[in-house]
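Only one structure is covered here, and it is reproduced in the block below.
The values are calculated or read from the model by the stated rules, or taken from the named source; none is laboratory data. As the structure is a computational prediction, the values presented were derived from the model and not from experiment. Ideal geometry is used to build each Cβ from the backbone, glycine not excepted, and the neighbour counts take in all protein chains shown.
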Ligand SMILES: NC(=O)c1ccc[n+]([C@@H]2O[C@H](COP(=O)([O-])OP(=O)(O)OC[C@H]3O[C@@H](n4cnc5c(N)ncnc54)[C@H](O)[C@@H]3O)[C@@H](O)[C@H]2O)c1
């Protein structure tokens, strides 16, 4: 691992560039600046207006209009630019020996995701994806409950990420919002899906789908998840429900105090269900518990983890393979939406052309390592 590139060898601290200082990148600037192991944060953005705005909060920050001119001043890069620029910026930085944290969506095409993973491997640099929810204490609690079997047999999962949202220029709602839900599902279930069905439609935007529904199927554990994402909904919703035979859990990210609520509720078929004078199901209503969750800021933990990985050579929790696994599902969902059919993840893996043998070899390796 090349943790000593560009100056860290002597100082043990990192110079971090943040490419894209819009809504989300400016938060990375704040969190990176708060870390002791970061000696300097520089910003990279062609928009003079954005740079001037950021200088209100951070007057002394150095800025560059493009990545190329910033390269000598950084050891590591956060890519928080529009999604279609993620792969070219990340690869250019990694080819120059820089470590990279790429925001979601990791890439807008599976081919690009493979290229990024391969470039990181060849350059011996850290590549991490900003799947922020994997650094969220409520999501850790969900994963623990599922792993311990607290909920009984898993029946299904359901997620909703809705709002009168910010339309993106270069990706539809599927690539903008569903990466969060897919990364949470993969993390909570400790698995990746085998197939996906997706239905989406365009309303307010002529070219980009603004609502989408996904059915994501996992084999191990054998369970399905329904994902609803929308930029065109009157209500802001950030909710995930996990329903099991013993208990049901709701994670509502808009609930300040009680983000996780465990409902000790259940429904089961009556033993005497052949008796048509009786209702077919019996219901169990128990207590609702909101477990204590340690307060943390997921983005701060994520940035801290990235810097630690660069300085120690540790493999990131959300590494390139993690990002690639989510892009596989997005690409399968996009195809499903287009062709109105279930798409198996294996199919999109195979669809990378035969002349990409090197890429496919890397992908197989990455998946094996991820198991
Ligand atoms: N992890 C999360 O929870 C989360 C939340 C919001 C956004 N995001 C992601 O962060 C990224 C940025 O989203 P945003 O809402 O901040 O977008 P934004 O439009 O507010 O900001 C994008 C910025 O990138 C700049 N930019 C464009 N091309 C560039 C280039 N080649 N080099 C440097 N800068 C460039 C633009 O000038 C702009 O300032 C997206 O990928 C988005 O999906 C992640």
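Data table
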item: Filter pass, residue 138 being out of contact with any helix residue (DSSP H, G or I) (no Cβ under 7 Å at 6 or more places or on another chain), within 16 Å of the ligand (Cβ to nearest atom), assigned to a helix (DSSP H, G or I) and modelled with pLDDT of 95 or more; result: yes
item: Spans of strands (runs of 3 or more DSSP E) in the range 17-117 with at least 2 residues closer than 19 Å to residue 320 by Cα; result: 76-79, 99-103
item: Condition broken by residue 312, with the remaining ones in (1) surrounded by fewer than 20 Cβ atoms within 10 Å (Cβ to Cβ); (2) over 21 Å from residue 36 (Cα atoms); (3) out of contact with any helix residue (DSSP H, G or I) (no Cβ under 9 Å at 6 or more places or on another chain) satisfied; result: (2)
item: Any chance residue 185 is in the same structural domain as residue 16 (by TED's automatic domain parsing), within 15 Å of the chain's Cα centre (by Cα) and either within 30 Å of residue 291 (Cα to Cα) or away from the ligand (no atom under 13 Å from the Cβ) (or both); result: no
item: Given (1) within 8 Å of the ligand (Cβ to nearest atom); (2) closer than 16 Å to residue 128 by Cβ, number of the condition residue 66 does not satisfy; result: (2)
item: Scan of the range 17-53 for residues that are buried (at least 22 other Cβ atoms within 10 Å of the Cβ), within 11 Å of the ligand (Cβ to nearest atom) and over 20 Å from the mean Cα position of the chain (by Cα), ordered by number; result: 17, 43, 44, 45
item: Test result for residue 192, over 25 Å from residue 345 (Cβ atoms) and out of contact with any strand residue (DSSP E or B) (no Cβ under 6 Å at 6 or more places or on another chain); result: no
item: Options 83, 88, 105; residue that is near the ligand (Cβ under 9 Å from one of its atoms) and without any contact (Cβ under 8 Å) to a residue 24 or more places away in the chain; result: 88
item: Residue match in the range 173-188 (condition: surrounded by fewer than 24 Cβ atoms within 10 Å (Cβ to Cβ), modelled with pLDDT of 95 or more and assigned to a loop (DSSP other than H, G, I, E, B)); result: no
item: The range 164-214: number of residues that are touching a residue at least 60 places away in the same chain (Cβ under 8 Å) and either out of contact with any helix residue (DSSP H, G or I) (no Cβ under 9 Å at 6 or more places or on another chain) or over 19 Å from residue 331 (Cβ atoms) (or both); result: 5
item: Complete set of residues in the range 198-215 that are within 19 Å of the chain's Cα centre (by Cα) and either within 16 Å of residue 339 (Cα to Cα) or not assigned by TED's automatic domain parsing to the domain that holds residue 249 (or both); result: 198, 212, 213, 214, 215
item: Helices (runs of 4 or more DSSP H) fully within the range 270-353 counting 1 or more residues that are free of Cβ contacts under 8 Å to residues at least 12 places away in the same chain; result: 320-339, 345-350
item: Leading residue by the ranking (modelled with the lowest pLDDT) among those in the range 151-166 that are in a loop (DSSP other than H, G, I, E, B) and exposed (fewer than 15 other Cβ atoms within 10 Å of the Cβ); result: 166
item: Residue 328 at pLDDT 95 or above, more than 16 Å from the ligand (Cβ to nearest atom) and within 29 Å of residue 77 (Cβ to Cβ); result: yes
item: Qualifying residue in the range 56-71 (condition: modelled with pLDDT of 95 or more, within 23 Å of residue 298 (Cβ to Cβ) and in contact with a helix residue (DSSP H, G or I) (Cβ under 6 Å, 6 or more places away or on another chain)); result: no
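A quick yes/no check of all residues on (1) touching a strand residue (DSSP E or B) at 6+ places or on another chain (Cβ under 6 Å); (2) within 17 Å of residue 169 (Cα to Cα); (3) assigned to a strand (DSSP E or B):
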position	(1), (2), (3)
200	yes, no, yes
203	yes, yes, no
207	no, yes, no
213	yes, no, yes
225	yes, no, yes
235	no, no, yes
239	yes, no, yes
243	yes, no, yes
